[in-house]
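Since the structure comes first, as structure tokens, the remarks are kept for the end.
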């Protein structure tokens with residue numbers, strides 16, 4: 001039991017010192033990051049107000065912040081900006097959902113059925129290499145001007161990282177794990193469910209993180225192509241009306257949206273793949 | 001357990017053949033503790049894999065006590081590897097319990113009794129308080145004890161250990177030797193232990209089978225005449241040193257590195 005005592009002492013030692021240090025360094029980090037933003041906005045303001053950058057190319061930082069504040073109030077009170085915000089959010093989430101379902105299914109089928117994999121893998125690679133954005137005009141013809149074409153674009157962009165990571169994850173089972181499991185006489189499906197799928201989970205989640213960000217890219221492209229709602233549409237409209245502050249505000253809102261959605265996937269991954277961070281192994 | 005005229009040939013990438021084992025014959029009695037000792041590449045791990053049913057033999061046979069031979073080997077053999085090979089998403093207890101959840105034949109006992117057996121085994125290896133801990137929360141020695149407990153779950157009659165302590169530090173390793181022997185004395189399985197450490201082989205075994213490479217064969221057999229139970233104090237005594245010397249001599253006679 002000496003192991004236990006040593007382990008506990010070590011843990012305590014590590015926790016007590018790093019907790020204090022972590023608190024101090026967290027404050028330091030926040031101060032640094034806020035300063036960086038303040039400097040960035042200050043330089044922007046100086047360059048625009050002084051006329052170094054003319055106002056028809058770039059609005060002042062304060063104009064953008066004022067517009068952003070107005071948009072956020074509008075979102076919170078359920079105004080027209082809320083509709084745009086909500087529309088894009090739903091498109092991204094649907095795109096992510098279908099990318100996850102289709103990506104995991106296709107990845108699993110390709111890694112389980114070697115004949116199908118051999119027959120189709122070059123085309124999966126080719127599909128991944130194709131800039132799927134090029135399909136956007138066709139997608140509008142096939143799926144119309146409504147939300148469906150945006151979701152299809154989102155899936156087209158976001159599904160490949162999920163496929164590729166699912167395949168990599170299902171192939172990542174350690175040689176020693178396989179030896180152990182075979183020595184215990186496991187069936188193919190036991191091997192799959194008890195070992196290969198848990199082993200694949202960290203890889204799949206890495207793919208899902210990327211998919212969430214890519215889904216937003218696809219949704220915005222879809223909104224550029226057709227339709228009359230969404231934050232992507234707002235930036236397009238702002239271009240036509242030469243309202244650059246509107247465009248910047250919508251872009252900031254898209255950025256915040258993407259950041260929060262990505263965090264959601266990261267948090268879900270930490271919960272479900274709880275062993276990844278702690279074990280410190282590629283698993 | 002009778003190993004008769006075992007031969008294992010691997011075909012190499014260039015199309016040639018590599019003879020990993022040649023004419024290996026050995027008789028291991030039930031409850032005996034036998035060590036396979038030899039330099040790297042002598043085929044000792046291959047021999048262990050064949051006994052455990054992980055690799056098929058090219059020719060020859062391995063027959064267990066009551067005439068049960070091929071096919072059903074894996075169920076009768078517990079395996080401990082050099083690495084603990086614990087699944088990181090399972091607690092110590094769930095890792096010990098894993099063998100009960102695998103295999104085509106459902107375990108004869110109910111899950112409850114197997115779970116209480118898993119707890120008993122954790123207690124046996126001194127980890128009762130760590131049942132709900134995850135592998136990364138345990139030290140290397142503790143992880144290897146969990147893997148020994150796992151190998152004991154289905155009460156296999158033969159326990160194969162493939163350099164299980166090679167990755168541990170010297171002090172932990174010595175402690176594990178004593179613990180392994182006390183578990184062996186209580187559980188009564190047949191131990192087949194692979195190592196390249198001559199001291200380890202002398203301390204643990206009833207008998208040491210000395211192997212040499214190219215092709216891998218058993219060239220000598222050394223009976224260890226140290227009394228049981230063995231203690232750490234025995235290491236360094238004249239009797240222990242004499243046994244180590246006999247293993248050395250047996251190897252030197254057939255092999256020059």
- Can you name the number of the only condition in (1) buried (at least 20 other Cβ atoms within 10 Å of the Cβ); (2) within 29 Å of residue A:249 (Cβ to Cβ) that residue A:146 fails? (1)
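Might you let me know whether the stretch A:51-68 holds any residue that is in a helix (DSSP H, G or I) and either in contact with a strand residue (DSSP E or B) (Cβ under 8 Å, 6 or more places away or on another chain) or exposed (fewer than 14 other Cβ atoms within 10 Å of the Cβ) (or both)? Before you say what the answer is, go through the steps one by one.
At the first step, the residues of the stretch A:51-68 found to be in a helix (DSSP H, G or I) are A:61-68.
Next cut, either in contact with a strand residue (DSSP E or B) (Cβ under 8 Å, 6 or more places away or on another chain) or exposed (fewer than 14 other Cβ atoms within 10 Å of the Cβ) (or both) only: none.
No, the stretch A:51-68 contains no residue that is in a helix (DSSP H, G or I) and either in contact with a strand residue (DSSP E or B) (Cβ under 8 Å, 6 or more places away or on another chain) or exposed (fewer than 14 other Cβ atoms within 10 Å of the Cβ) (or both).
Can you confirm whether residue B:99 is in contact with a helix residue (DSSP H, G or I) (Cβ under 9 Å, 6 or more places away or on another chain) and under 27 Å from residue A:189 (Cβ atoms)? First the steps, then the outcome.
Working: in contact with a helix residue (DSSP H, G or I) (Cβ under 9 Å, 6 or more places away or on another chain): yes; under 27 Å from residue A:189 (Cβ atoms): yes.
Yes, satisfied.
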- Task: Would you check which residues across the stretch B:128-146 are under 25 Å from residue B:111 (Cβ atoms) and in a loop (DSSP other than H, G, I, E, B) and list them?
- Result: B:131, B:132, B:133, B:134, B:138
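Identify all residues within the stretch A:154-184 that are assigned to a helix (DSSP H, G or I), within 14 Å of chain B (Cβ to nearest Cβ) and under 28 Å from the mean Cα position of the chain (by Cα); write none if there are none.
The answer is A:169, and nothing else.
Somewhere in the stretch B:83-98, is a residue surrounded by 14 or more Cβ atoms within 10 Å (Cβ to Cβ), at pLDDT 85 or above and within 14 Å of the chain's Cα centre (by Cα)?
To start, the set of residues in the stretch B:83-98 that are surrounded by 14 or more Cβ atoms within 10 Å (Cβ to Cβ) comprises B:83-98.
Among the residues that remain, those that are also at pLDDT 85 or above are: B:83-98.
Okay, now just the ones that are also within 14 Å of the chain's Cα centre (by Cα), so B:83-84.
Checked the stretch B:83-98: at least one residue is surrounded by 14 or more Cβ atoms within 10 Å (Cβ to Cβ), at pLDDT 85 or above and within 14 Å of the chain's Cα centre (by Cα).
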- Message: surrounded by 14 or more Cβ atoms within 10 Å (Cβ to Cβ), closer than 11 Å to residue B:37 by Cα and touching a strand residue (DSSP E or B) at 6+ places or on another chain (Cβ under 9 Å): is that true of residue B:221 in this structure?
- Response: no
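Tell me, please, whether a residue that is assigned to a helix (DSSP H, G or I), free of Cβ contacts under 8 Å to residues at least 12 places away in the same chain, away from chain A (no Cβ under 11 Å) and under 18 Å from residue A:185 (Cβ atoms) can be found in the stretch B:120-127. Break it down stepwise before answering.
If we filter the stretch B:120-127 for residues that are assigned to a helix (DSSP H, G or I), which is where we start, we get B:120-124.
Going one step further and asking which of them are free of Cβ contacts under 8 Å to residues at least 12 places away in the same chain, we end up with B:120, B:123.
From what is left, the residues that are away from chain A (no Cβ under 11 Å) are B:120, B:123.
Checking the rest, the ones that are also under 18 Å from residue A:185 (Cβ atoms) come to none.
Looking for residues that are assigned to a helix (DSSP H, G or I), free of Cβ contacts under 8 Å to residues at least 12 places away in the same chain, away from chain A (no Cβ under 11 Å) and under 18 Å from residue A:185 (Cβ atoms), one finds none in the stretch B:120-127, hence no.
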- Can you pull out the residues in the stretch B:154-168 that are surrounded by fewer than 20 Cβ atoms within 10 Å (Cβ to Cβ) and within 10 Å of another protein chain (Cβ to nearest Cβ)? none
- Message: Going residue by residue through the stretch B:130-140, is there one that turns out to be at pLDDT below 90, at the interface with chain A (Cβ under 9 Å from one of its Cβ atoms) and either under 23 Å from residue B:182 (Cβ atoms) or in contact with a strand residue (DSSP E or B) (Cβ under 8 Å, 6 or more places away or on another chain) (or both)?
- Response: no
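Among the strands (runs of 3 or more DSSP E) confined wholly to the stretch B:1-47, which include 1 or more residues that are more than 18 Å from the chain's Cα centre (by Cα), more than 17 Å from residue B:195 (Cα to Cα) and modelled with pLDDT under 90?
Where strands (runs of 3 or more DSSP E) fall fully within the stretch B:1-47 and carry at least 1 residues being more than 18 Å from the chain's Cα centre (by Cα), more than 17 Å from residue B:195 (Cα to Cα) and modelled with pLDDT under 90, they are B:2-11, B:17-27.
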- Item | Positions within the stretch A:69-87 being under 21 Å from residue A:228 (Cβ atoms) and surrounded by 16 or more Cβ atoms within 10 Å (Cβ to Cβ), in sequence order | A:71, A:74, A:75, A:81, A:84, A:85, A:87
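Being in contact with a helix residue (DSSP H, G or I) (Cβ under 9 Å, 6 or more places away or on another chain) and at pLDDT 95 or above narrows it down to one residue among A:210, A:173; which is it? Even if it seems obvious, please write down each step before you answer.
Values: A:173 fails: at pLDDT 95 or above.
Answer to the selection: A:210.
So if I check each of A:151, A:125, which one is over 24 Å from residue B:82 (Cα atoms), touching a residue at least 40 places away in the same chain (Cβ under 8 Å) and either in contact with a strand residue (DSSP E or B) (Cβ under 7 Å, 6 or more places away or on another chain) or more than 14 Å from chain B (Cβ to nearest Cβ) (or both)? I'd like the intermediate steps shown before the answer.
Values: A:125 fails: touching a residue at least 40 places away in the same chain (Cβ under 8 Å).
Among A:151, A:125, only A:151 is over 24 Å from residue B:82 (Cα atoms), touching a residue at least 40 places away in the same chain (Cβ under 8 Å) and either in contact with a strand residue (DSSP E or B) (Cβ under 7 Å, 6 or more places away or on another chain) or more than 14 Å from chain B (Cβ to nearest Cβ) (or both).
Do any helices (runs of 4 or more DSSP H) lying entirely in the stretch A:194-283 carry at least 2 residues that are touching a strand residue (DSSP E or B) at 6+ places or on another chain (Cβ under 9 Å), within 14 Å of chain B (Cβ to nearest Cβ) and crowded, with 19+ Cβ neighbours inside 10 Å, and which ones are they? First the steps, then the outcome.
Working: elements: A:197-225, A:231-241, A:244-272, A:274-279.
The helices (runs of 4 or more DSSP H) meeting that bar number zero.
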- Test result for residue A:135, surrounded by fewer than 20 Cβ atoms within 10 Å (Cβ to Cβ), free of Cβ contacts under 8 Å to residues at least 60 places away in the same chain and in a helix (DSSP H, G or I): yes
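The values are calculated or read from the model by the stated rules, or taken from the named source; none is laboratory data. Just so it is clear, the model here is predicted, and its values are computed rather than measured. All Cβ positions, even for glycine, are placed from backbone atoms using ideal geometry, and neighbour counts span all protein chains on display.
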